[in-house]
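A.B. asks: Sharing a structure, written as structure tokens. Questions coming.
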Amino acid sequence: MLYTNKYINIKELVKNSNSKLLKRLPGFALNLLARIIMQDEINRILDKYHENTGVDFLPGVLAELNILVDIKGLDNLPDNRKCFFVANHPYGIADGLILTCIVAKRYGTLKAIGNDVFMLIPQLRPLIAAVNVFGSNYRDYLIELDRVYKSDVPITHFPAGLVSRVKNRKIQDFDWHKSFISKAVECERDIVPFCFTGRNSVLFYFVYLLRKYLGIKANLELSLLPYEFFRKKNKSIKVIIGKPISFRKFDKTKTDREWAQWVKSELYSLKNKNAD
């Protein structure tokens with residue numbers, strides 16, 4: 001293997017996890033899992049760009065896979081960088097890289113509210129205000145998040161928390177969490193919506209529907225996200241940026257939860273308004 005550093009090591013992650021189920025997996029199963037998540041290819045890319053950190057890392061990865069980004073509404077990005085830049089979450093990795101890349105290119109810096117799994121990638125650590133979406137947040141994460149919210153740094157966020165799934169025969173985000181609304185009001189941050197128009201493979205949604213049918217609670221389809229990311233190689237991804245929504249919009253006529261779904265609906269409407 002050409003890479004010198006092993007950033008992602010499934011066997012070590014399982015060994016150090018708190019899951020008794022994972023620790024009972026035999027060696028061949030761990031090897032299979034490493035292949036599914038494309039561990040070697042991920043490590044190769046991370047090693048290639050090991051000297052690029054933070055905002056300098058993002059364009060390199062997109063260029064490595066020759067992922068082209070078709071942006072509409074770039075002029076909607078406000079001069080004031082103290083905003084929440086929120087997006088739907090159809091891909092899981094590619095949309096995160098693109099969202100942060102666009103915001104970083106415009107403002108030079110940012111903080112991304114992201115799953116703490118991304119802290120495994122050293123190049124991304126300067127950008128991530130990590131959130132453990134699968135359990136209780138650690139105290140230091142909460143302290144860091146509060147500091148970030150109150151700063152003037154741009155914040156990128158996927159309010160759904162999870163990648164889009166099949167819902168009501170449509171592929172869309174589940175209900176958005178309400179916290180970004182309350183924090184927008186509290187910290188006087190306008191909201192800038194980003195709408196991604198694509199989707200993952202049929203395999204991703206099939207695994208999701210199958211494990212739901214079988215009553216399996218573990219998010220098995222998440223292991224396919226690296227595969228989905230590499231499927232975007234040499235493809236174009238379309239994103240539509242909407243006009244900023246003032247934090248003053250979120251008055252008492254709706255609850256924070258209702259306002260969150262309203263913003264989600266407004267974001268998805270960008271797709272119809274900008275149909276080719």
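Bear in mind these aren't lab numbers, they're just calculated from the coordinates by the rules spelled out. Only a predicted model underlies this, so the values are computations on that prediction, with no experimental measurement involved. Here the Cβ is made from the backbone with ideal geometry for all residues, glycine too, and neighbour counts use every protein chain on show.
A.B. asks: State the antiparallel share, in %, of DSSP beta bridges confined to the chain, rounding to the nearest 5.
C.D. replies: About 25 percent, rounded to the nearest 5.
A.B. asks: While we're looking at this one, here's another question. Alpha carbon centre of region 153-227 versus region 247-270: separation in Å?
C.D. replies: 17
A.B. asks: Report relative contact order for region 53-273 in percent, whole number only (criteria: Cα-Cα under 8 Å, sequence separation at least 6).
C.D. replies: This gives 31 percent for region 53-273.
A.B. asks: Taking neighbour Cβ counts within 10 Å as the exposure measure, how do E266, E51, E188, E228 sort from fewest upward?
C.D. replies: Lowest count first: E51, E188, E266, E228.
A.B. asks: OK, next. What is the extension gain from N234 to Q172, computed as 0.36 nm multiplied by their sequence separation minus the C-alpha to C-alpha distance, in nm to one decimal?
C.D. replies: Once the chain is fully extended between N234 and Q172, it gains 19.9 nm.
A.B. asks: Using a Gaussian network model on the chain with a 10 Å cutoff between Cα atoms, which of I128, I143, I67 fluctuates the most?
C.D. replies: Greatest mean-square fluctuation among the candidates belongs to I143.
A.B. asks: Same structure, new question: With +1 on each Lys and Arg Cβ and -1 on each Asp and Glu Cβ, and nothing else charged, work out how big the dipole of region 146-226 is about its Cα centre, in Debye to the nearest 20.
C.D. replies: Charge dipole, region 146-226, about its Cα centre: 500 debye, nearest 20.
A.B. asks: Still on this structure: Taking +1 at the Cβ of each Lys and Arg and -1 at the Cβ of each Asp and Glu, which of S246, A34, I216 sits farthest along the dipole of the chain towards its positive end, judged by Cα position relative to the Cα centre?
C.D. replies: Ranked along the dipole, the leading option is I216.
A.B. asks: So how much slack lies between S269 and V153, counting 0.36 nm per residue of separation and subtracting their Cα-Cα distance, in nm?
C.D. replies: 39.0 nm
A.B. asks: Taking only Cα atoms of the chain, what ratio of Rg to Rh do you get with Rh as the Kirkwood inverse-distance radius?
C.D. replies: 0.95
A.B. asks: Okay, next question. Treating only the Cβ of Lys, Arg, Asp and Glu as charged (+1, +1, -1, -1), what charge dipole size does the chain show about its Cα centre? Round to the nearest 20 debye.
C.D. replies: 860
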